[in-house]
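Notes follow the structure.
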């Protein structure tokens, strides 16, 4: 294996194009290095992004643009993020451990496509987009909810690089929350629920976005649960129904943390609770 | 893989290194730069033992490539102390007992340091959040959190009764550990970190199947890899089988593999990476055999046999028959029977098992290894290799935790020795984290049917228990675990008639071994849940029921233990009082509950039918300047017993300061025979050996000083580093003068030194009845907990925890407290989350991210209370402690969960899913409680 460290994005894309499937991109490496050590991936070339200055930028200009080399810690600690995109800040603080957050990047986490990671649900709730670039295909933008496809499987093609995540300015009346259910705080979520609600002047839900980690082999947007809410005034019964809808549209995986049935129940509970939290009631 | 040249800036020093691109920063620091203060415990970013600073932020160095670290500033633990002056965080860790085994300490210190750099005055909760990624298996995090708070200039969040008046000068005081500086600086030596010149590395290819015949094994490709020096299978290994109770193990599989993780072949190579590539290149074919995974099924006629000559897979049947059981049950108004099941807890030592075998040209093998008992290991290896005792030297440096798992021969020891013999070079072998989980022993899972007769007034009339131990594929300490619980199971309560039947049953699961508590945690879980259930059926308060039946000092327990000191009654009273039992039980709150449980554990003990001995040894030498060298046969596993408690006893006895005593531990060649560190025995047994050796030394000193002072020896006393005449203290000689007089000038040239061997006064159980007073003494404890249960998820949170303990008198209260806190953490893990999940023999969670041990955030504050019973046999009245800390934890939690929810769980761990299922079963309209 060779380690290459291009200093521009163009160089990185050239390398990715040249080496194709035999290359792996490494940002923080907090997931990739484990896969390498367990020989679950065996690239011939490792393309490090750490010398590409523009990828280290976290820019806020109405929307926020988080470059591929921005760490979880940098996102979590940015006061502008916690003020304007608090759902993401909370999800970032929930990621693993301080050692991992200091090294791991948000984009790397997203590119890894792990179904129980914390940020993806928050990104769906915040209506984020994933920026993909390749030498041949140029740039494209994929909505977070369309990006996660399967277990460690995403919409990114092998020659594409995740260069940034952008989050639009949140609607003025938006209220959101992220709630994580795990055995221990440092664990991957058993269930991680994120939501963003916009209420009308009559108190009815105008807009709802719910992202669920751990609800399937990939993070999903709980559209059925959202449908239950739209146009209705939030009541305990309504939130309960939304939770049930989320559970129904989920297909969680059985593992040592719990059976599929158990996790479905947790999804119902945590969907309801995250909605309550967003509404200031939980 | 082509190496790349990089420059690493570590602690301000530039280093030129050549590294493979996939080399981790942790490995580069440890192996290329020799900076082994950075620990490697999981190698997957899941424990933070390897935490270092990269440009000032804390990262796991196992998840940073060395090539990525080039041109960045790296700071390691070695970069903190300057000119012998500790960093304030290190100093606080040293002063406040925050380092036990020391293996997590460097990563913890580096993490704390980074936390305080960005948040100089963190709250306790912020500290716990900040170190949530740093796993510790010894401390329960309490003293670590205290130390970080103290380093931040804030008073520790709680003031304990650590400093209490002691009637002694050194004993009974919370003096800092003598090994603290070594551990907080990362300088303490561990076998896992050591290297010898010319050393080779070995790795073992392990079975992916739980039961299979090896039909072909082709090592030729592996042998051809450059750097692979040898490939071995069992035919290259000694053929003598080994095992403490039943000799059923071989170094590598004897043609059949019997559990997932069993060794199939070994590769010896020039480095670790090449050895790993070597085992991947071995081609093995297996013919799967039918397996047995449930011990009850394994006992049925016709079940597949794990070992050909063991029918129904029952390898041992332990019994205790005491009193007239039939009459006892006949005298009962009620007979209650319940079944309980316990989980497969792993030791999860931060330092994996490690050995360096160095067979020299004269035919002597020197072993540097992470072992709790140099004596047991040497004895076992003598038999396996047919070698003389004086040809095997075992040196145990500090252990990065042991908890029982490092108290017997592991296959890496045998392979490393044989390889070193064959190749004439030192060979190092160690477990990776998944090997540690799958192949280094576990606590035995048990199925316990327990039956008790009681009168209507709550008096116990008889008890019987039928226990099935899931032994796994090999026997290890299985029968000893069963024997120990069989005898201790009769010692907590006054029981007129008692029967215990324990079946140790082979399965094709990873195998059990010795683990802190040695049978008591399993049995106590069953007995103490059962106790609450009986009390409720009788309409009695569980505390009242216990107090009515508990053993008292002076009792001889039905199973034989002579309870010369016994403070369990007071422990239960104190724990109940402290948790607010009466008030909280009479004012139930939804989702909240309190529970209590009590238990017993031994101080060492005779648990092997053929070993009628139980000894420790110590050597004391007074040097020509009056300083004292103390030689201890036990190893320092983390408790502080071998290095600090024994030194305190020595200093007390010789009238010197603790700082005047230096301890050397665990070298089989230079220290008299000693069974080692296990069974809560070091402070007491070694402590008595120290006292005896000191008494001899005192006699020698008095003989010499008596002449110098013209006084009779019985007029002399010691203190303040002097020998003096008791009636005229100013007539004195410094120890230095006495020793010099003896060594150099006036005398016949004698060294002032003595050795002592202390064999505990106890006896083997009767072979027929299983009854006997099998241990030196018996410690007791009661844990009371308050829990909060999320009734929608089943998740249990512990909000308050009281541990009242009778371990006799305390030699070092802070060290004692740290044992209780660490024990509570393991007990909470055992009760709530720890279980190596095996599905048809396949291990589903062999890593720290999936086998979950408590972090700082899961640990409540632990309130330690003491019932000091002044045991007549122990030094200064002390009894054993280390294991007691976790014995009654799990049932206290289960009883509290019942109190909170009405759900009685018969199985641990109390996973949220099980709790929720229990809640489903009892769910009633709100407000109604059974």
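Coordinate-derived values only; no laboratory data. Please read these numbers as outputs of a predicted model, since none were measured by experiment. Positions of Cβ are backbone-derived with ideal geometry, glycine not excepted, and every protein chain shown enters the neighbour counts.
Here are the numbers:
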item: Listed residues A:181, A:262, A:270, most fluctuating in chain A (Gaussian network, C-alpha, under 10 Å); result: A:262
item: Extension gain (nm, one decimal) between residue A:223 and residue A:10, 0.36 nm per residue minus Cα-Cα; result: 72.9 nm
item: Backbone N within segment B:681-712 under 15 Å of label point (7 Å from residue B:751 Cα along the Cβ vector); result: B:697
item: Relative contact order of chain B, pairs being alpha-carbon contacts under 8 Å that are 6 or more residues apart, as %; result: 14
item: Stretch gain in nm, segment residue B:235-residue B:337, where the contour uses 0.36 nm per residue and the Cα spacing is subtracted; result: 31.7 nm
item: Descending semi-axes in Å of segment B:615-759, equivalent ellipsoid built from Cα gyration tensor; result: 28, 14, 12
item: Label zone at residue A:40 (point 7 Å along Cα-to-Cβ), backbone N below 13 Å, segment A:103-132; result: A:112-117
item: Nearest 10 degrees, 0 to 90: helix A:236-249 Cα axis against chain A principal axis; result: 40
item: Where labels lie 7 Å past Cα in the beta-carbon direction, separation of residue B:837 and residue B:670 in nm; result: 4.9
item: Length-normalised contact order for segment B:615-759 - Cα pairs under 8 Å, 6+ apart - percent; result: 34
item: Net lengthening on full extension, residue B:324/residue B:16 (0.36 nm per residue, minus Cα-Cα); result: 103.1 nm
item: Label-point separation, residue B:224 to residue B:608 (7 Å along Cα→Cβ), nm; result: 4.6
item: Global form of segment B:822-930, assessed from the alpha-carbon gyration tensor, a/c cut-off 1.5; result: oblate
item: Whether chain B is rounded, prolate or oblate, judged on the alpha carbon gyration tensor where a/c under 1.5 counts as rounded; result: rounded
item: Percent RCO, i.e. relative contact order, over segment A:175-278, from Cα pairs under 8 Å lying at least 6 residues apart; result: 28
item: Prolate/oblate/rounded label for segment B:729-793 (Cα gyration tensor, a/c 1.5); result: oblate
item: Helix A:9-19 axis, angle to chain A major axis (alpha carbon atoms, nearest 10°); result: 80
item: Helix-only [θ]222 nm of the protein assembly as shown, DSSP H runs n ≥ 4, -39500 (n - 2.57) each, per residue, nearest 500; result: -8500 deg cm²/dmol
item: Label point at residue A:51 placed 7 Å out along Cα→Cβ; residues across segment A:106-134 whose backbone nitrogen lies under 12 Å; result: none
item: Inter-site label distance for residue B:734 and residue A:63 at 7 Å from Cα along Cβ, in nm; result: 8.0
